[in-house]
Structures are given as structure tokens and as C-alpha cells.
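Bear in mind that the values in this text are calculations on the coordinates, not laboratory data. Just so it is clear, the structure is predicted and the values come from calculations on it, not from any experiment. Neighbour counts run over all protein chains shown; Cβ positions are idealised from the backbone, glycine included.
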């Protein structure tokens, strides 16, 4: 019998205060959704109005020529967000969401919270919820799961494909990854990152094929090993000459019969 995943126990003062503000829900994800909905004022349009939320938490948005572009990291620049000429609009939106999350904690009374591992984790969860709210995501997601749908959601909410993938990965039996010619850059759903030649042999052969193929037709494969344990469908989309987005899902009935 597989071992049950242990529930994380949040011990910091910031985490306890955050749960209390949300009404002490069962999970941190639910607490994040509740607080984000309050900050957004119930807005579900895409992209979300981050400038309005920034003003509400007392965050001053300024512009500078300084290069502050980041990749999935959190850093504390007080209560200011720096727009840069080197980072993309998507990176700027995510960084603004992170700064909003930190400004929100700093504004809590009777005392604010400015540092801590758990605080950083909650800020990252809150920032993701601000740029791609759970309710808005489910409202916008229509039809059958596909690579095109992941790309469309990312474009609609002006978030990175990796941020959108985190939402889709909550669906059962799904894995999403980005691959380069020789490596898996990032992955969700049980796939290891790293060099392609370190993957399980059957799956490695599929990745080696799709990074070289211009024919983006879904293919089926069967594996008795973790994490698949059965038949899966692989579809992909070439993002540029060096990156490919890959979706692994359960095959549909028409795909099984063919």
C-alpha cells in the first residue's frame, strides 16, 4: 500500500496569523485562495488587476533601469516594485505579485512579518494565486485538456507556462514539462528534471523523438513503472528552436481505439 503523504505542519507566527486571517481553513492552499480573493476584491477577469491590489496594500510602483529580473525566486526590495527593461512583462507581473504578497504581510498589525522560510513559501503561493486565481482558472478552462489549452491560459492571464502548469497539474494523471534538446528544464507530475539520457528508457526514447520531430501528433505509450503504471498519451508543442512544451495525460477513448 502506498505511503500517505504527510500533511505539512505550519509553525511560524506568520503562518499562524495567515491561517487566522482566512478563518482557519483546513489547508494552506485554501487559506491562500481566501486571502487572494479578498485582495482582488472578487475580480476574476484576466489578467488580474495587480496595480489596483498594489495600491490597496500600500505598495508604491516605481520604474528604474536597474536589472532585477528573476526566475522563480523571492527577494525583498522593501515596498517598491522595480520595472526593468531587461525582464519580460510576464516576469514583471510575477515580481509585482511577489512584492504585493510581502507588502501584505509587512502591513499586518500589531506587527508585520518580513522574513522566514514559511513566510517565503506563503508569499510565493499568494503571488501565484494573485496572477492566476483558482476560481478564474477553472472558469476559463474549457474543453479537453491539451497543450494548446495550457498555452492559451498562460497567454490569457499573462503568466509563464510554468505558472500555468502548476494549476493544470492539480488535475489527476497529468504531467507537464518543458524540454530542451538534451534535458528536462522543469517538470510537474512525477517527471525528473535533468538530462534526457537519465530518464527511464521507454520515456527517454519518446523525449528524444519529440525534440527532433516537426510532426506534432500525439503518441501513445505504455509503462508498467512509476509514475505512469499504464497507458498514457503524449502531446507536445514546439515553443522555439530550443524549447518544447510536453503534456502527458490519460488517452481518450478515440485514441485508445485507434
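For the chain, adding -39500 (n - 2.57) for each run of n ≥ 4 DSSP H residues and dividing by the number of residues yields -12000 deg cm²/dmol at 222 nm.
With R₀ set to 22 Å, the beta-carbon distance separating residue 215 from residue 144 gives a calculated FRET efficiency near 0.60.
Tell me, what is the FRET efficiency for residue 192 and residue 114 to the nearest 0.05, using R0 = 45 angstrom and their Cβ-Cβ distance as r? Once the sixth-power term is evaluated, E becomes 0.80. Remark: spin-label model distance residue 34-residue 8 equals 1.8 nm, labels positioned 7 Å along the Cα→Cβ axis.
The gain in end-to-end length when the residue 256 to residue 16 segment is fully stretched comes to 81.6 nm, 0.36 nm per residue minus the alpha carbon separation. In terms of surrounding Cβ atoms within a 10 Å radius of their Cβ, 225, 109, 237 rank from fewest to most as 109, 225, 237. Here the chain carries DSSP beta bridges of which approximately 85% are antiparallel, counting only pairs with both residues inside.
With neighbour counts taken as other beta-carbon atoms within 10 Å, the residues 132, 21 rank, fewest first, as 21, 132.
Shape descriptor for segment 196-258: Rg over Rh equals 0.96 (Cα atoms; Rh from the Kirkwood inverse mean 1/r).
As a size descriptor, the averaged projected area of the C-alpha convex hull of the chain was calculated at 15.9 nm². With respect to the chain, whose longest principal axis is taken over its alpha-carbon atoms, helix 147-157 is tilted by about 10°. In terms of its C-alpha gyration tensor, segment 143-257 comes out rounded, because the ratio a/c of the largest to the smallest axis stays below 1.5. Look at 123, 233 and count the other Cβ atoms within 10 Å of each Cβ; fewest to most, that gives 233, 123.
Overall shape of segment 95-181 was characterised from the C-alpha gyration tensor. The equivalent ellipsoid obtained from it has semi-axes of 29, 14, 11 Å, in decreasing order.
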